[in-house]
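First the structure, in the form of structure tokens, and then the observations on it.
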Amino acid sequence: MDLLSVRLTINYKDKPPVLDELCLDLRPGEVLGLVGHSGCGKSSLALAILGLLNLKGGKARGSILWDGHELLALKEKEWRKLRGKVISFVPQSPMSALNPALRLGTQMNEAWKLHGHGGSDHMEESVFQALRDVGLPPNEEFLRRYPSEISVGQAQRVLIGMAIMHRPALLIADEPTSALDAVTQAEILALFGELNRKLGMSMLFISHDLVSAYGLCHRIALINAGKIVECNTPQAIFFSPQQPFTKKLIAALPTVPSPAEVEQALRYNTF
Amino acid sequence: MKRHYLVSTIVLLGAISTFAQSGGELRFCLRAEPKTFNPLLVEDEASETIRYLTGGVLVRVNRLTLKAEPELATSWKVSEGGKRIRFKLREGLKYSDGTPFAAEDVAYTMQQLMDPALHSSTGDAFRSAEGKLTTNVVSAKEIEIDFPAPVANLVNLFDTVAILSAKSPQKEMAALGPFYVAERKAGSYLLLKRNPYYWKKDAAGKQLPYLDSIRLDIEQNPEIEAMRYKRGEVQLINTVSPAIFEKLSADNASVRDAGASTDTEQLWFNQVPGAPLPVYKKSWFASTNFRRAISEAINRNDLARIVYRGHAVPAIGIISPSNKFWFNSDLKPHAYDTADALRRLQQDGFHLQGETLKDKAGNAVEFSIATNAGNRARESMATMIQQDLKKIGIKVNVVTLDFNSLLERMTQSYNYEACLLGFQNVELDPNSQMAVWLSSADNHQWNPNQKSPATPWEAEIDKLMRAQAASGDEHKRKQYWDRVQQIAWEQEPFIYLINKDALVAIAPAVKNAEPSVFRPQTFWNVETLALAH
Amino acid sequence: MKTIRLIAITVLAVTALTILGAHYLAPAGYEQQFRETPQAAPSMHHLLGTDELGRDRWARLLYGMRVSLTLAPLAALFTTALAGLVGGIAGYFGGWTERCCKLLIDLFLSVPWLFLLITVRAVLPLNVSPEASVTVTFALLGLLGWAASARVICAGAKDLMKSEFVWMARASGFSGLKLIRLHLMPNLRGALLAQFWISIPVFIIAEANLGALGLGVAEPLPSLGSLLRELQDSVMVRPEPWRLLPLAVLIVVISSFQVLLNKQEIRN
């Protein structure tokens, strides 16, 4: 059974829809890449799944089935229980996604308090564990820092740490690497892969970059003009694309990796 | 303490021909835009200045001798016990636009002035009883005016009546005085030019005025006015505040203290029976002993010396000693005597308990003095009185209110305890104070609009006021007024504090100036003022 | 930066001590009139000379500081809290809540307060002590002064609501008061502090101007504002620099406040 099953039309105000009866299914433990041009409605989909679309003035029609339950029918209070606990989110630009006025420790503690239960010992342990999970130094000195005192890569790790703290069933990452340099990008992608394997959570990996999706995802869905054009394994997408849009995308890549390179990349989870 | 008294008048008069020089533009400031150019409707000071400079009047009160002098009229005669006046007019005069002047113009002016529809406050002074005024043009140079009832101080009142032209196409802008309004820019300045048809000549036969023009700049801020005076941009300041006077004199700018004016500053207690005050407070305020005790506890010398920096004199009563004819010279200055003040208070059952004065019933004596906000001298006086009265155990709260609120409390709600304000007494004849002293009058501030006099002394004042108004005999009127001043001195419904000095600034370049304590202090003899080149 | 902060702390500490010790430091009561020596220049007897009525300027400055520097910050605190509340609510909720708040703000900014204050004076009894009068005045200022600040805070809050980290916070499950407390307020701190310390001198001067309506401090009690008001008619004042001390005190104290309160901003 699918973990998430989406049939969605999204439009803003009276404008034409950005997603038009889009269909998408996600299986438990699967990493699904969602690739398309910027502005094709990928982010709107993420917002819709988090139930935040209406705040941006968008309207979602159709259905989002989570584990057989209809999310669109949820009340705000019920949404709140899902966000950050069951479905969590990693944003595009880590620096601006952290509150500049608060210490990292405060932000992580508060994120834990939202859904966590137990005393402060328990909280501390969870926060340190999250830091260890994302490869950050689990110590007080680091937690006392302000966002302006850490690097972009560290910031993204903090955000990922906060996102996985409550061991969510689904992690939505919206262009999580596009603000990073090549080396950091690779590290973060490797981290996602590792977390996926270690924690067994599903991921919706939203990107405009086909290559980074290739290494990470089990399946890749290509979006164009508000619809899924093609959805298949990375190998199938890269080496036997079916649709003209996909072909055009592949052809536009500077270098197409060979199947051997792909195998190696998948083994080490680096690209 | 500096006092710049006038050198002998005679010396100055003798100097007129010596300094007589034609030409030049005199400049000084108006504090506000004149509200009207119609001389009959003048109420504000700026309009009054324009009226004085441009209007031709039948008689002019000399501001030094205080005697009426012939102007458009060469002679006059009052008859019928003050009900009738007959003027002989100068011949061959013309308005500034060339329109000839005749007795019809006087008749026209008087009819206009007394027209109830015009609501002229200048006209109100002539209105002693109901009824119509009749004018009888005897000839082109003679006119007789009949009033329905005797008018006190009749001749001098004509000092304020500028004669309009009945025929001039320029209407009220046709001037019969030394200058006419030639140019004006709202909010900025007025330019007055010499009236080419002005009739007066100096002793040498030279046509007056000596000045070619007068430029009146509108300047609200007295500090800026003083700075401009210091820089030589303006040559006269009619009323200088004591602070500015000190500063100017420290900077060696020419300033003069012309002596005590007729303006008064006074404190009074609310004696309105229906006032929303506690009964015990009303009984304090109604007590003569209480009022006189307060008066005795105020150090008037300190008020004059500190608040006015010596440019004021302790006040004696209604009429300033500088108003020599009308002042009751038997009255002595009020004593500053806290011991006697306490004695008087004890007579009324007040007693000191520690440092607090309490009344018979044990109420601590505390009251507020209200004055208008923004008047530093009054605020300072109130603050000094606050300190003075603390010495006899009275707590005073000083409250400054915007003028409208204060007026509302004084005249509508009567919700105040004591008030400190001043009067500007423009006219010398005390008849102008009828509206203050009659117990039935609106301006009888301590207890206005009484149906019948609340106290025997108010009843006596009423009687005296009516008698003086109905009498044409100046000496009889003086006797009545002496008695009124005596009663006011004893009862102190107004606790008169000080008479301000008339402080003026006249640039040395202005020749023939003879500043007076009466308005318009510096330029009352404007036709003979000249500028040294 | 550290030296400046140290200086600021010293200034405020000295000010606080001076205010508390006014009674011991002043050579005479603020109301005592030395009538033989009005407008005296500084001397051993009168450190700053005397005013027009012969009152010791040093004593008046001490007590004036006590009145104004105690009440003005309190009123500023109150008004800033109100501004933060209304502006924060408007910015957080947006939509019709924001429209309502803005309407309220506009209403407060456009109401002719002069008439209202005159009414307040009319309702107050004439025999109020100077202390009560000045307290009421600062309370009124605190109650009425928030609208312009609220507008600034509202704009700031609205910008924050659109910011990435607030979205992120929402996506993590933050909402309502928790979102406001953790993510809005700390980031509005700078704006609120600015409103706070701007309000202090504004209130000090406004109190003096309300003297024209019979509100504010009444004679003989001095306030910094009423001491400053004495300077305003002095286009022609002879060089008497000691008379400018109240102004200097105000500037120094406010600057010190600013240095201390803005440490957060300096770091960022």
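The values are calculated or read from the model by the stated rules, or taken from the named source; none is laboratory data. For clarity, every value in this text was computed on a predicted model and none was experimentally measured. Every residue, glycine among them, receives a Cβ derived from its backbone with ideal geometry; neighbour counts consider all protein chains shown.
Structural remarks
- Of the listed requirements (1) within 14 Å of chain C (Cβ to nearest Cβ); (2) under 20 Å from C:Glu164 (Cβ atoms); (3) surrounded by fewer than 17 Cβ atoms within 10 Å (Cβ to Cβ), A:Ser151 misses just one: (1).
- Taken over the range C:179-221, the residue count meeting the criterion of being under 13 Å from the mean Cα position of the chain (by Cα) and more than 14 Å from chain A (Cβ to nearest Cβ) is 15.
- Residue check, B:Glu142 closer than 17 Å to B:Glu172 by Cα and acidic (Asp, Glu): no
- The range C:155-173 residues that are free of Cβ contacts under 8 Å to residues at least 12 places away in the same chain and within 9 Å of chain A (Cβ to nearest Cβ), paired with ones that are of a type in the set (Phe, Trp, Tyr) and buried (at least 20 other Cβ atoms within 10 Å of the Cβ) (beta carbon under 6 Å, 6 or more apart): C:Ala171/A:Phe89
- When the range B:149-166 is limited to residues that are at pLDDT below 90 and part of a loop (DSSP other than H, G, I, E, B), the one that is farthest from the chain's Cα centre (by Cα) turns out to be B:Ala149.
- The range B:209-227, residues that are part of a loop (DSSP other than H, G, I, E, B) and crowded, with 17+ Cβ neighbours inside 10 Å: B:Pro209, B:Tyr210, B:Leu211, B:Glu219
- Qualifying residue in the range B:55-63 (condition: surrounded by fewer than 17 Cβ atoms within 10 Å (Cβ to Cβ), assigned to a loop (DSSP other than H, G, I, E, B) and modelled with pLDDT of 90 or more): yes
- Taken together, the residues in the range B:442-478 that are β-branched (Val, Ile, Thr) and under 23 Å from the mean Cα position of the chain (by Cα) amount to 1.
- C:Val134 vs. criteria touching a residue at least 60 places away in the same chain (Cβ under 8 Å), in contact with a helix residue (DSSP H, G or I) (Cβ under 7 Å, 6 or more places away or on another chain), closer than 26 Å to C:Ser256 by Cβ and within 14 Å of chain B (Cβ to nearest Cβ): yes
- Residue in the range C:208-236 that is surrounded by the most Cβ atoms within 10 Å (Cβ to Cβ), counting only those that are touching a residue at least 60 places away in the same chain (Cβ under 8 Å), assigned to a helix (DSSP H, G or I) and in contact with a Leu (Cβ under 7 Å, 6 or more places away or on another chain): C:Leu224
- Of the residues making up the range B:184-199, those that are of a type in the set (A, V, I, L, M, F, W, C) and either at pLDDT 95 or above or in a strand (DSSP E or B) (or both) are B:Leu190, B:Leu191, B:Leu192.
- Residue identified as out of contact with any helix residue (DSSP H, G or I) (no Cβ under 9 Å at 6 or more places or on another chain) and either buried (at least 21 other Cβ atoms within 10 Å of the Cβ) or under 17 Å from A:Leu34 (Cβ atoms) (or both) among A:Val211, A:Val158: A:Val211
- All positions within the range A:77-97 that are in a loop (DSSP other than H, G, I, E, B) and either surrounded by fewer than 24 Cβ atoms within 10 Å (Cβ to Cβ) or more than 7 Å from chain C (Cβ to nearest Cβ) (or both): A:Lys85, A:Val86, A:Gln92, A:Ser93
- The residues of the range B:274-289 that are assigned to a loop (DSSP other than H, G, I, E, B) and closer than 21 Å to B:Leu389 by Cα, listed by number, are B:Leu277, B:Pro278, B:Ser287.
- Looking only at the range B:405-419, and only at residues there that are facing another protein chain (nearest Cβ under 7 Å) and touching a strand residue (DSSP E or B) at 6+ places or on another chain (Cβ under 7 Å), the one that is nearest to B:Leu267 (Cα to Cα): B:Glu417
- Number of the exception - B:Arg86 against (1) of a type in the set (D, E, K, R); (2) closer than 30 Å to B:Tyr189 by Cα; (3) touching a residue at least 24 places away in the same chain (Cβ under 8 Å): (2)
- Among residues of the range B:157-177 that are under 13 Å from B:Ile50 (Cβ atoms), those with a beta-carbon under 6 Å from a residue that is in a loop (DSSP other than H, G, I, E, B) and of a type in the set (Ser, Thr, Tyr) at least six positions away or on a different chain give the pairs B:Ala175/B:Ser96.
- Out of B:Leu464, B:Leu428, sole residue that is touching a strand residue (DSSP E or B) at 6+ places or on another chain (Cβ under 8 Å) and farther than 21 Å from B:Leu406 by Cα: B:Leu428
- Condition met for C:Ile105 (within 30 Å of A:Ile87 (Cα to Cα) and more than 14 Å from chain A (Cβ to nearest Cβ)): no
- Some residue of the range B:254-273 being of a type in the set (Asp, Glu) and part of a helix (DSSP H, G or I): no
- Extreme residue, nearest to the other protein chains (Cβ to nearest Cβ), among residues of the range B:383-404 that are over 30 Å from B:His351 (Cα atoms) and surrounded by fewer than 20 Cβ atoms within 10 Å (Cβ to Cβ): B:Asp402
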